[in-house]
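A.B. asks: Before I ask anything, here is the structure I am working with.
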Amino acid sequence: MTALRRCVCCRQIIPPAMGAFDNCPIKRRIYEFIARHPEGVTRAQIMEHAYAIDPGGGPENQEIVNVHIWGMRKRLAAEGLAIANSRGPGAVYRLVPIEPIYTDSRRTKLTATWGM
């Protein structure tokens, strides 16, 4: 896991360039969009951005965003990052660091935090 860099002014995460998503342009666009918006983005905003160049407008069901993010989480965990999401009306997705809550010789539990 690489050390995460933070902006010296606002303490936001400076996301690493993710070559892991080069083979899937939709996931790469989703990652870059979420990384550029530390305040969080909604599923509708992700759909609008990720499928902006699709002549058909992309899939009608917004649940496809959940499927793409589910597939991205394992690759992001290797970099010490996670995509956290809130629930309910106005729910947003944010890129957050993974911080260990406890470690010992047998196990490690990691959690994504909303704070800086």
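A.B. asks: At 7 Å along Cα-to-Cβ for each site, give me the label-to-label distance between Ser86 and Gln62 in nm.
C.D. replies: Rounded to a tenth, the inter-label distance reads 1.5 nm.
A.B. asks: Once phi is turned into θ = phi - 60°, what whole-Hz ³J(HN,Hα) does the Karplus curve with 6.51, -1.76 and 1.60 give for every residue of the stretch 74-83, x standing for Gly and Pro?
C.D. replies: Karplus values, whole Hz, x for Gly and Pro: 5, 5, 5, 4, 5, 9, x, 10, 9, 9.
A.B. asks: Turning to a different aspect of this structure: Given 0.36 nm per residue, what is the gain on full extension from Trp70 to Arg36 after removing their alpha carbon distance, in nm?
C.D. replies: Length difference between fully extended and current span is 10.3 nm.
Readers should treat all values here as calculations from the given coordinates under stated rules, not as data from a laboratory. Predicted model only: the values in this text are computed from it and were never measured. Here Cβ is always computed from backbone atoms with ideal geometry, including for glycine, and neighbour counts include all displayed protein chains.
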